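Asker: Sharing a structure here in structure tokens format.
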Amino acid sequence: MAGIWVFVDQKDSKLKKVIFEMLGEGKKMAQHLGEDLSAVILGKDIESLAGPLAENGADKVIILEDDKLAGYTSNVYASALTALIKEHQPTVVLFANSSIGLDLAPAVAQKLDTGMVADVTEILYGDQIVFKRPVYAGKAFAHVVFDDSARPIVATIRPKMFIAPEPEAGKSPQVVKAVTSEFGDLRQVIRDVVRKASGRVELTEADVVVSGGRGLKNAENFHVLENLADVLGAAVGGSRAAIDEGWLESQFQVGQTGKVVAPSLYIAAGISGAIQHVAGMGSSKCIVAINKDPEAPIFNMADYGIVADLFDVLPVMTEEFKKILAEG
Amino acid sequence: MPTRELFWQISNHWLIYPAFLLSLIFLVYGVMKRIKLWRLGQPDQRWDALATRIWDTLVELLGHRKILRDKFPGLMHLFIFWGFLVLTIGTAIVALQADFHINTLYGTFYLIFSLAMDLAGLVAIIGILMAIYRRYIVKPDRLDNNSDDAVSLVLILVILVSGFIAEGLRIIGTNDPWAVWSPVGNFFAAIFAGLSPDGVAGAFQFFWWSHFVLAMFFIGYLPYSKLFHIITGTLNIAAASNQPAGHLALIDLEDESVESYGVNKIEEFTWKQLLDEDACTRCGRCQDNCPAYLSEKPLSPKRLTQDLKQYLNNVGPALVQKNTPVSAGVSQEVAAATATEAADDATIIGSTIEEEAIWSCTTCRSCMEQCPVKIEHVPKIVDMRRYLVLTESSFAPEVQLAFRNMENNSNPWGVGWAKRAEWADGLDVKTLEEDKDVEYLYWVGCAGSFDDRNKKVSKAVVSILRQAGISFGILGTEEKCCGDSARRLGNEYLYQSLAMENIETLNGYGVKKIITHCPHCFNTLKNDYPQMGGNYEVIHHTELINHLQKQGKLRLNGGGQQLKLAYHDSCYLGRYNNIYAAPREVLQSIPGISIAEMERNHAASFCCGAGGGRMWMEEKVGKRINIMRSEQALALEPQAVATNCPFCLAMFEDGIKSFEHGEAVKVLDLAEIVAEAMEKN
Amino acid sequence: MNIVVLVKQTFDTEAKIVLDGSGNIDPTGVNLVLDPYSEFAVEEGIRIKERLGGEVTILCVGPDSAQTAIRQAFAMGADKGYLIKDDQLAGGDSSVTAKILAAALGKIPHDIILAGFKSVDSGTAQLVPRVAELLKVPHVHVVTKIDIDGSKAVATKEIDDGFEIIEVALPAVFSAQQGLAEPRYPSMKGIMQAKKKPLETWTLDNVGVDAAAVSTGKTKVIQYTMPAERKGGRIIEGEVPDAIKELVQLTRNEAKVI
């Protein structure tokens, strides 16, 4: 059997952007290997997701629904998915580098006694498929290949590295209803889930990130950043300093020990640009730096920099972006 | 023949002897009790080079060198001291005549004696009155008042005045023909002119015996009051450290039997450190220039000393008892055991001295510089830090980060050690590995290697050395942090490992002469490394530049700069190593440059706040020290602030910019000013 | 409580990464440290011991140099350790390491197993779920808090936009995220004692793993490359309001990100 599978991370029946990016690359891979592309979803009441998945390139949508799959728990999902994989024998299974993907992919890889490559940022197609991933906090890239006997290939994909396809509106999904009784033993019991809803787009998903550091001086000043984020539809992040000072919660930390982001536009205000922060945003397409210290290292890697007090810059910048976006 | 009857109207004057004996017993008993407390401390060799010690003590004692730094209180004490000293010598002369029949009090000598005694007494009274005025009317911040102060002042005053009254009565009573040679006594005599002869005699006896009894009381009372400083202050000065200023004891870390490092119990201090506590008179000069105290941190060197004294008084006696062999019955043993338990539990940090106070110190040594009795505050603070770091592992997270950075990458900033020589890219500077046949090693230091602002100073130093044709090399990535921050923060283990590695590298290359632009590196390499086998001739870049100018190898023509500079004496160059003149000479020799002295300059310079490892710590309480010093600099309306230390440079850059009127003021290292002013070939 | 902590020795995060001629990472002069995530796990392990009693055992797969990392854990307060090293392990990947660790854990009594959730060098974060699967025990990945109650534990797991509270039965494996436990700085006593604590070296034979089974991993790194030099450093000069305007225009017209 064959096939490129994309495991679909879903939360409250909403699809993360990275899924479409994986479908885009999955299509490429499928064409290279002469196989077809399937989206695989586990859960309950998830059929409505089949449509968008097909529109974005999935030849087949494999759905496994069961009460036991209502919420994600590690061993149950891993057992079920492993059973499906054993039945259908895909060549490649792609997961998103999300908290579910990070947890599920290795468990499945181990159950199948196969290899896994994590946090892939580029795929090279030649005699072998080479998976490129950042190591040493992005200071180098490792090129990984799979042993011929290691199948399926299991990989987790970093968001914003691959390109989502142009959706084919109205394409109807070819749904395959999967059935299994392999749910494993319930090793985890979820006692509570606390979602910190910020109302904003999530950091790793965002196209634009506006980030603040020590230069903000206190928690109240972050509203200056938030105004800009509102105008740009951006996520708000912070350097380690901002989190340590208690101005932002830890989930907003961008950096080596926080989140790694790669938006199209990263605006760093009052951030000096220490290597640990750069490790978290160095792959951003365009970096804008605002700092009143002309010697701040961040200017060395910023595409555009302004040496000025961020409190002077941000309000004006907000207005300017507002104007230019209104132009359409 | 000018003379006088020694015991006029005084019968039974043999009573003097038992009375004197009694007060001596009280004196000796009191002193012995205090000595027992000091001996609870660890050993410390403080009696070497005895001749020099005695000489230095005499200079301080008789010349009041340190005390006179502060004019009013200095004079005040000088008067009291000299007045008392002369009176004591005079009394001794009388005793020699009265008891040993060495008769000197006749003729011209007697007249001079009489005059000298009177003037001495007068001067002493003036001193006491100045003291009373200062303490109770002026009420300076650094003085706190308690009954001990009042009693001491009143006691001395009454002794002096009663002496004069007695003299006056004697003059009247004996119709002294030489009265004019006792002018003050004579003045008092006039008051009693109207009394009857019997009245005079009776009054004289009263005042003579009162004077005597009070004087005896004074002697016996000495060890139980602040007057004890007469003995302890002198002893403390004699036992003062003769090592370089920033000297810290080297801990033997190989000894595996040691359970605890640093100090958290009174007996872990040395006997000298305990003597310090008894020498303190609460004069408060240490406080007056302390950057921690003045910026409202919970540290006051005076309070530290007094709190430790209080603690010694509280737990010391029980510990002494524990050490005393028990000879009598069970009840005494039981009593000793319970006392032992209580004493064992008593620890210093947290109860007597709060941790926050221990960490607030910048090790600037202003306290030690000012202290007239040479109390050694800073080593005690480092000792307590050593306990917190080495034994308890209790310190702020940012300090832990600094330690780990020094461990992993040999610099407190934590920048990759492989990047240490990148500042020199393109300058064609050779490392010793490439060429070790150079005259000097330029020790760049962590700031000069990794801090963006300070890298410019390193480059300036290189251009100066090149201009002067000096043969030098750098260690490049083989250089590690000198360890100063680690040591002053109390991490003796980290310091010793860094020092050992550096010394091995330096000795491996046969380094003899080292130039450094950082006073902390300068102090550590010069004064600390010899403890571990590293002996080098270390010279600070300002000294070198001064030297080169004098040799004509460097000519400074100003380069068109017109700058009024506020010059800041860094602690580690100034107070630690007495380098004040060389940098000034250099700056003043540059045409177009003028120096403005800050109010607190030279040995009284105010710390920038970064020393003692505080560069790596958050300043959470009180005012920011660097802001305070920047304000002091800006008060001179300078065009630039000149520093000679990378930490000061960083502190001023931050501090000056925080003021609106500081926006246009430059902050420059001496090397940068000189490099700009060099006559180029 | 038998607490086992899986640790790894990695390059110091500040290390300059340099490639040798054949596309491999040049290890000369690189400072090796106990991986920061392993440190969180070690610290948590020691805190659990301090709360509930027991022993902390360190387990590490690595070369001889990894002994210093294990000694660092000893200085913090771990009690004993095992270093599994074998010349035949050169070509391993996470699947290999997991097998070896699982086999070793079969020989060591364990109630709680802790590890870093990823490591700062290769950072694949695969190890803990793999080891848990091999041992057939529960795991909680990316944990910021652990509460133990007898034979159960409740852990706080960090997820993309918040956290979950998960209960598992012991024995279980937990992977440490930053925030679980700030590692302590060893005291002098700790440093002295670390030199004496027992550190045993095991080969694959000792662990009961067939060398042939682990001689190659399922995946292999065929080469390393360096990222493209980012061309940065452009400062927009001029009066601040004008500079801002210019910058905003550039993000649209030049960078095309708005």
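Asker: What trypsin sites (Lys or Arg not before Pro) in region B:633-681 are in a loop by DSSP, with at most 14 other Cβ atoms within 10 Å of the Cβ? Walk me through the numbers on the way to the answer.
Answerer: Values: sites: B:657, B:666, B:680; in loops: B:680.
Filter output for region B:633-681: B:680.
Asker: Continuing with the same structure: As a footprinting exposure proxy, order B:250, A:228, C:114 by other Cβ within 10 Å, with the fewest listed first.
Answerer: Listing B:250, A:228, C:114 from fewest to most nearby Cβ atoms yields B:250, A:228, C:114.
Asker: Assigning unit charges at the beta carbon (Lys, Arg +1; Asp, Glu -1) and nothing else, what dipole magnitude in debye, to the nearest 20, does the protein assembly as shown show about its Cα centre?
Answerer: Values: 123 positive and 154 negative charges, 468 e Å.
Dipole magnitude for the protein assembly as shown comes out near 2240 debye.
Asker: Once you have the Cα-Cα distance between residue B:36 and residue B:13, take 0.36 nm times their residue separation minus that, and quote the gain in nm to one decimal.
Answerer: So the chain would gain 4.7 nm between residue B:36 and residue B:13.
Asker: Cα axis of helix A:74-88 to longest principal axis of chain A: angle in degrees, 0 to 90, nearest 10?
Answerer: Taking Cα atoms only, the helix is inclined about 50 degrees.
Asker: Sticking with this structure for a sec: When 1/r is averaged over all different Cα pairs and the result inverted, which Kirkwood radius in Å belongs to region B:403-550?
Answerer: One over the average 1/r among Cα pairs gives 15.2 Å for region B:403-550.
Asker: Starting from the Kirkwood Rh over alpha-carbon pairs, what translational D in µm² s⁻¹ does chain A have by Stokes-Einstein at 20 °C and 1.002 mPa s?
Answerer: Once the numbers are plugged in, D ends up at 101 µm²/s.
Asker: Compute the length gained on full extension between residue B:585 and residue B:126: take 0.36 nm times their separation in residues and subtract their Cα-Cα distance, giving the result in nm to one decimal. Each step should come with its number before you reach the end.
Answerer: Details: separation 459, 0.36 × 459 = 165.24 nm, distance 4.21 nm.
Contour length minus Cα-Cα distance gives 161.0 nm.
Asker: Take residue B:141, project a point 7 Å from its Cα along the Cβ direction, then tell me which residues of region B:556-600 have their backbone nitrogen under 17 Å from it.
Answerer: In region B:556-600, the label zone of residue B:141 (backbone N under 17 Å from the point 7 Å along Cα→Cβ) covers B:599-600.
Asker: Among A:16/A:160; B:455/B:620; B:265/B:380; B:455/B:513; A:28/A:86, which pairs are too far apart, with a Cα-Cα distance over 18 Å?
Answerer: B:455/B:620; B:455/B:513; A:28/A:86
Asker: Continuing with this model, one more query. Using 1/(1 + (r/R0)^6) with R0 = 51 angstrom and r between the beta carbons of residue B:602 and residue B:116, what's the FRET efficiency to the nearest 0.05?
Answerer: 0.85
Asker: Using a 10 Å cut-off around each Cβ, can you sort B:165, B:35 from fewest to most neighbouring Cβ atoms?
Answerer: Values: B:165 22, B:35 13.
Fewest-to-most Cβ neighbours within 10 Å comes out as B:35, B:165.
Asker: Normalised by the number of residues in region A:36-95, what is the relative contact order in percent for Cα pairs under 8 Å and 6+ residues apart?
Answerer: It comes to 35 percent, rounded to a whole number.
Asker: Given a 10 angstrom Cα cut-off, can you work out which residue in C:203, C:225, C:68 is the most mobile in a GNM of chain C?
Answerer: Evaluated over chain C, the most mobile residue of the options is C:225.
Asker: Take residue B:6, project a point 7 Å from its Cα along the Cβ direction, then tell me which residues of region B:215-236 have their backbone nitrogen under 20 Å from it.
Answerer: B:215-216
Asker: Please express the Cα-Cα pair-distance distribution P(r) of region B:96-168 as a list of whole percents, one per 5 Å bin, running from 0 to the bin with the greatest distance.
Answerer: 3, 13, 17, 18, 15, 12, 8, 6, 5, 3, 0
Asker: Could you tell me the calculated FRET efficiency between residue B:258 and residue B:419, based on Cβ-Cβ distance and R0 = 56 angstrom, to the nearest 0.05?
Answerer: The formula returns an efficiency of 0.90 here.
Asker: Could you work out the Rg to Rh ratio of chain C, with Rh taken as the Kirkwood radius (inverse of the mean 1/r over all Cα pairs)? If you can, show how the numbers build up before the last one.
Answerer: Working: Rg = 21.9 Å, Rh = 20.3 Å.
Looking at chain C, the ratio lands at 1.08.
Asker: At 1.306 mPa s and 10 °C, plugging the Kirkwood radius over alpha-carbon pairs of region B:159-208 into Stokes-Einstein gives what diffusion coefficient in µm²/s?
Answerer: 155 µm²/s
Asker: OK, next. Filter the chymotrypsin sites (Phe, Trp or Tyr not before Pro) in region B:262-324 down to the DSSP loop ones having no more than 15 other Cβ atoms within 10 Å, then list what survives.
Answerer: Details: sites: B:269, B:271, B:293, B:311; in loops: B:269.
In loop regions of region B:262-324 (DSSP not H, G, I, E or B), there are no sparsely surrounded chymotrypsin sites (Phe, Trp or Tyr not before Pro).
Asker: Given R₀ = 41 Å, FRET efficiency for residue A:132-residue C:80 by Cβ-Cβ distance, to 0.05?
Answerer: 0.55
Asker: Choose one answer from A:126, A:213, A:24: the residue with the largest mean-square fluctuation in a GNM of chain A with alpha-carbon springs under 10 Å.
Answerer: Looking only at A:126, A:213, A:24, the largest GNM fluctuation is found for A:126.
Asker: If you fit an axis through the alpha-carbon atoms of helix A:222-232 and take the longest principal axis of the Cα set of chain A, what angle between them do you get, 0 to 90°, nearest 10?
Answerer: Between the helix axis and the principal axis of chain A, the angle is about 60 degrees.
Asker: Just tell me, in residue order, which DSSP H segments of chain B are both 27 angstrom or longer along the helix axis (alpha-carbon based) and at least 0.5 in mean Kyte-Doolittle hydropathy.
Answerer: Long hydrophobic helices here: B:16-38, B:71-100, B:107-133, B:147-174, B:197-221.
Asker: Can you find, among B:132, B:111, B:54, the residue farthest towards the positive end of the dipole of region B:13-238? Put +1 on the C-beta of Lys and Arg, -1 on that of Asp and Glu.
Answerer: It is B:54.
Asker: Here's something else I'd like to know. Suppose a student asked you for the relative contact order of chain C, using Cα pairs under 8 Å spaced at least 6 residues apart; what percent would you report?
Answerer: Relative contact order comes out at 24 percent.
Asker: Here is a follow-up. Indicate the gyration tensor shape class of chain B (rounded, prolate or oblate), computed on the Cα atoms with a ≥ b ≥ c the square roots of the eigenvalues: a/c under 1.5 is rounded; otherwise a/b larger than b/c is prolate and the rest oblate.
Answerer: Values: a/c = 2.60, a/b = 1.75, b/c = 1.49.
It comes out prolate by the Cα gyration axes.
Asker: Ok, one more. Where in region B:9-27 does the label zone of residue B:224 land, with the point 7 angstrom along Cα→C-beta and an amide N cut-off under 12 Å?
Answerer: B:23, B:26-27
Asker: Follow-up question, since we're still on this one. What size of dipole, in debye to the nearest 20, comes out for region B:13-238 about its Cα centre when the only charges are +1 on Lys and Arg C-beta atoms and -1 on Asp and Glu C-beta atoms? If you can, show how the numbers build up before the last one.
Answerer: Details: 16 positive and 14 negative charges, 151 e Å.
With only Lys, Arg, Asp and Glu charged at Cβ, the dipole is about 720 debye.
Asker: Tell me, what does the Kirkwood hydrodynamic radius of the protein assembly as shown come to in angstroms if you use every pair of distinct C-alpha atoms?
Answerer: 36.0 Å is the Kirkwood radius here.
Asker: Across peptide B:416-422, how many C-beta atoms of other chains are within 10 Å of each residue C-beta, on average?
Answerer: Average neighbour count from other chains, rounded to a whole number: 4.
Asker: By its C-alpha gyration tensor, with a ≥ b ≥ c as the square roots of the eigenvalues, how is region A:1-125 shaped: rounded for a/c under 1.5, else prolate for a/b larger than b/c, else oblate?
Answerer: In terms of gyration-tensor shape, rounded.
Asker: Also, I was wondering about something else. Please compute, for peptide C:176-183, the average count of beta-carbon atoms on other protein chains lying within 10 Å of each residue's beta-carbon.
Answerer: 2
Asker: Let me ask something additional. Please work out the Cα convex hull volume for region B:563-677 and give it in Å³ per residue.
Answerer: Cα-based convex hull of region B:563-677, divided per residue, equals 97 Å³.
Asker: Report, largest value first, the span of the C-alpha coordinates of region B:13-238 along each principal axis, in whole Å.
Answerer: Result, largest extent first: 63, 44, 33 Å.
Asker: To continue, here is another question. In the protein assembly as shown, what percentage of the DSSP-assigned beta bridges are antiparallel, given to the nearest 5?
Answerer: Within the protein assembly as shown, antiparallel bridges account for around 30 percent of the total.
Asker: Cross-link partners among lysines for residue C:196, C-alpha distance below 16 Å, same-chain residues fewer than 8 apart left out?
Answerer: Hits, sequence-local ones excluded: C:80.
Asker: Answer rounded, prolate or oblate for region A:158-228, using the Cα gyration tensor with square roots of eigenvalues a ≥ b ≥ c: rounded when a/c is under 1.5, else prolate when a/b is larger than b/c, else oblate.
Answerer: Taking the square roots of the gyration eigenvalues as a ≥ b ≥ c, region A:158-228 is oblate.
Asker: Pairs B:419/C:85; A:217/C:8; C:8/C:220: which exceed 30 Å Cα-Cα?
Answerer: B:419/C:85; A:217/C:8
Asker: Based only on other Cβ atoms within 10 Å, what is the fewest-to-most ordering of A:73, C:28, C:201? Working shown, then result.
Answerer: Values: A:73 21, C:28 6, C:201 13.
By the 10 Å Cβ count, ascending, the order reads C:28, C:201, A:73.
Asker: Here's a follow-up. Can you compute the modelled spin-label distance between residue B:639 and residue A:181, with each label point 7 Å from Cα toward Cβ, in nm?
Answerer: Taking the two extended label points, one gets 9.3 nm.
Asker: Taking 7 Å along the Cα-to-C-beta vector as the label spot, tell me the residue B:428-residue B:557 distance in nanometres, rounded to one decimal.
Answerer: Placing both labels 7 Å beyond Cα along the Cβ direction yields 2.4 nm.
Asker: As a check on your grasp of the helix formula, calculate [θ] at 222 nm for chain A: sum -39500 (n - 2.57) over DSSP H runs of n ≥ 4, divide by the residue count, round to the nearest 500. Don't skip to the end; give the middle numbers.
Answerer: Values: 9 runs with 95 residues, N = 328.
Mean residue ellipticity at 222 nm (helix-derived): -8500 deg cm²/dmol.
Asker: If you don't mind, another one. Pairs of Cα atoms under 8 Å, at least six residues apart: use those to get the relative contact order of chain B, whole percent.
Answerer: It rounds to 12 percent for chain B.
Asker: A further question on this structure: Counting other C-beta atoms within 10 Å, and keeping those with at most 13, which DSSP coil trypsin sites (Lys or Arg not before Pro) do you find in region B:431-475?
Answerer: Sites meeting the loop and neighbour criteria: none at all.
Asker: Where nothing but the Cβ of Lys and Arg (+1) and of Asp and Glu (-1) is charged, how large is the charge dipole of region A:4-178 around its Cα centre, in debye to the nearest 20?
Answerer: Around 420 debye, computed over region A:4-178.
Asker: Let me ask something else about it. Using +1 at the Cβ of each Lys and Arg and -1 at the Cβ of each Asp and Glu in the protein assembly as shown, identify which of C:17, B:196, A:97 lies farthest towards the dipole's positive end.
Answerer: Sorting the options by dipole projection puts first B:196.
Asker: Tell me which of B:324, B:20, B:83 sits at the most positive position along the dipole axis of chain B, charges placed on C-beta atoms (Lys, Arg +1; Asp, Glu -1).
Answerer: B:83
Read-outs throughout are calculated quantities, based only on the coordinates presented, and are distinct from any laboratory measurement. The structure displayed is predicted, hence computed values, not measured ones. No Cβ is skipped: glycine too gets one built from the backbone with ideal geometry, and neighbour counts run over all protein chains shown.
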